[in-house]
Structures are given as C-alpha cells and as structure tokens.
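Everything below concerns the one structure shown next.
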Amino acid sequence: MNHFELFKLKKAGLTNLNILAILEYHEKQKKSLSLRDMAVVSKCRNPVLFIENYKSLDSKTLRQEFNTYPSLSILDKEYPLELKNCYNPPVLLFYQGNLDLLQRRKLAVVGARNASAVGTKSVQKIIKELGNRFVIVSGLARGIDTSAHVSVLKNGGATIAVIGCGLDVYYPKENQQLQDYLGKNHLVLSEYAPGEKPLKYHFPERNRIIAGLSQGVLVAEAKARSGSLITCERALEEGRDVFAIPGNILDGQSDGCHKLINEGAKCVTSGQDILSEYRD
C-alpha cells in the first residue's frame with residue numbers, strides 16, 4: 001500500500017488504529033483487500049459511511065493536496081524503529097527538512113506554555129550542557145518548547161518539531177519564522193494533512209509521537225494537570241526514561257515535575273545528569 005492510498009483511507013474517515021489493523025491483516029494474509037473487506041478488517045465504527053466517503057473522494061484534487069509535502073509511511077525503511085514499536089504509531093507523516101535526523105539519538109523536551117524566566121533558563125542551561133549529544137524533539141508550542149528549539153539553534157545542534165496541525169499552518173502564529181527555519185534546516189513532522197487546523201485533540205495525539213521518537217523525555221515546569229504529563233505518561237508506557245527539572249514549591253508551576261520525581265523520574269539539574277544515563 002503506497003503513501004497516497006494511506007492518505008485516502010484517512011480522508012475517508014478511518015482512524016490511525018483502523019488503518020494499522022488493515023496493514024497488519026495485509027501483512028499476515030499477503031493479499032489485497034476490497035473496499036468492503038477493508039471496512040470490516042479495520043473495525044471502523046460505520047463501515048457503510050466509510051465506503052461511501054471513499055467512493056466520493058476526488059482523487060485528482062486529493063492528489064494535489066497530498067503532493068504539497070513529502071511524506072514518510074510506516075512501511076518505509078527510513079521510518080524510525082522506536083516509533084514503529086510504540087503504541088498506535090502514525091501510519092503517515094508529512095515532513096519538511098532532513099529525515100536523517102530521525103536516525104540519531106533523540107531527547108524530547110516538554111513543559112509549560114506560560115513558562116517563567118527561571119524555567120526557560122533552566123532548559124537553556126541543560127541543553128547547552130548536553131553538548132549536542134542528542135537531537136532535541138519538541139512540539140513548537142510557545143514557552144518551554146520554543147525555548148528548547150531556540151537553545152539548540154544557539155548551540156549549533158539539531159532539532160525536530162512535531163506539530164499538531166498541517167505543515168502549512170502556524171501555531172502559535174508568532175513561531176512562523178521559527179517553523180519555516182526548522183523546515184528548511186532541521187525537521188518538522190506532522191501526521192495532519194495540509195490545511196488542518198490545530199484542534200484540541202491533536203495535541204495528545206502529537207505527544208505520543210514526541211514520546212515515541214525519543215529515548216527519554218525532559219520535562220520542565222509542568223503543573224499538576226499539565227498536558228506535558230501526557231507525554232511523560234506515553235514515554236513511561238513505552239519504557240522511555242523521564243527526567244524532571246525541579247522547581248519552586250510555592251507557586252505550583254512545577255507540581256507535575258515533583259510528582260513525577262516522587263514516582264521515579266530522575267531529578268535533573270544539569271546536562272550531565274542526563275548524559276550519565278546514556279554512557280556508550
């Protein structure tokens with residue numbers, strides 16, 4: 001099954017898990033499936049609607065949309081093994097930039113959107129001390145994410161941004177210049193088609209990719225009910241390391257980090273604290 005066929009299945013309404021079920025069946029049975037067979041094998045909620053949607057697709061228009069950006073599928077040899085082996089790996093990723101970064105050791109950095117100056121400087125300090133030993137993966141959100149990407153650039157390293165919208169959409173808008181720069185000189189990934197808006201449910205979905213790509217996750221200034229904790233939960237489920245930067249115990253800004261530390265995450269105050277876990 002080629003990239004465009006995967007794209008059409010998504011456009012017809014199948015979820016990522018639905019398409020994975022089709023690919024798994026196809027791999028085991030080694031035979032092509034009819035549209036009706038795919039509806040059954042995928043276990044989609046409404047097979048009739050899926051078939052109707054698929055038949056009504058305008059392939060010519062869809063092909064133009066699909067060709068806007070290059071793509072990487074789970075069937076490609078370049079697809080990162082660590083992501084392939086995690087729960088619900090994205091069947092199709094659109095990208096801009098250098099795919100070779102996917103083959104290098106990666107560390108995710110996540111945290112508060114409304115980051116304090118202390119939180120931002122803490123992330124900058126640790127990234128500098130890591131000495132470009134990792135490709136830094138983050139979500140291009142304002143706050144800690146942006147600080148992580150910019151810190152990498154200042155230190156001459158490499159970074160990957162995983163975004164929760166189409167590659168031609170900028171969220172937040174103030175990061176347009178940064179997103180364009182990363183797309184030309186580093187790597188920007190998205191499982192969403194061109195033009196797709198940054199919907200609320202996209203961000204937990206994006207977080208699983210950030211966690212799945214990385215050997216470990218560094219979290220800074222996560223509140224007790226922070227979205228960053230979702231990324232950490234995904235990371236722990238996949239057997240990844242979680243590192244947490246401690247913070248002020250009075251303002252609640254790092255309560256999520258302190259909770260993670262109490263539950264076994266490694267408390268880090270320097271890049272060396274992370275590097276010591278990955279001695280070759």
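The values are calculated or read from the model by the stated rules, or taken from the named source; none is laboratory data. Note that the structure is predicted; figures quoted are calculated from it, not measured. Heads up, the Cβs are rebuilt from the backbone with ideal geometry, glycines too, and the neighbour counts pull from every protein chain shown.
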key: Residue check for residue 75: within 15 Å of the chain's Cα centre (by Cα), more than 30 Å from residue 254 (Cβ to Cβ) and in contact (Cβ under 8 Å) with a residue 24 or more places away in the chain   = no
inquiry  = I'd like to verify a number: residues in the stretch 73-124 that are buried (at least 24 other Cβ atoms within 10 Å of the Cβ) and assigned to a loop (DSSP other than H, G, I, E, B), how many?
reply    = 3
task = Among the candidates 276, 214, 270, 254, single out the residue that is buried (at least 23 other Cβ atoms within 10 Å of the Cβ), among the polar types (S, T, N, Q) and farther than 27 Å from residue 99 by Cα.
result = 254
inquiry  = I'm trying to understand the selection: among the residues of the stretch 112-138, which are closer than 18 Å to residue 185 by Cβ and touching a residue at least 40 places away in the same chain (Cβ under 8 Å)?
reply    = 127, 134, 137, 138
key: Of residues in the stretch 154-187 being touching a strand residue (DSSP E or B) at 6+ places or on another chain (Cβ under 7 Å) and among the aliphatic types (A, V, I, L, M), the one surrounded by the most Cβ atoms within 10 Å (Cβ to Cβ)   = 160
ask   = Here are some residues: 144, 136. Which one is within 23 Å of residue 250 (Cα to Cα) and buried (at least 24 other Cβ atoms within 10 Å of the Cβ)?
value = 144
message = I'm checking my understanding of the structure. Among residues of the stretch 59-72 that are polar (S, T, N, Q) and in a loop (DSSP other than H, G, I, E, B), which one is farthest from residue 244 (Cα to Cα)?
response = 67
task = Return the only residue of 135, 188, 162 being in contact with a Lys or Arg (Cβ under 6 Å, 6 or more places away or on another chain), among the β-branched types (Val, Ile, Thr), at pLDDT 95 or above and under 30 Å from residue 64 (Cβ atoms).
result = 162
remark   = When (1) surrounded by 12 or more Cβ atoms within 10 Å (Cβ to Cβ); (2) closer than 24 Å to residue 161 by Cβ are applied to residue 41, the one that fails is (2)
key: helices (runs of 4 or more DSSP H) lying entirely in the stretch 163-280 (those with 3 or more residues that are polar (S, T, N, Q))   = 176-185
ask   = Can you name the residue in the stretch 127-143 that is of a type in the set (A, V, I, L, M, F, W, C) and in contact with a strand residue (DSSP E or B) (Cβ under 7 Å, 6 or more places away or on another chain) and is also farthest from residue 192 (Cα to Cα) among such residues?
value = 127
query = If residue 169 passes every condition in (1) more than 14 Å from the chain's Cα centre (by Cα); (2) over 17 Å from residue 68 (Cβ atoms); (3) among the β-branched types (Val, Ile, Thr) but one, which one does it miss?
reply = (2)
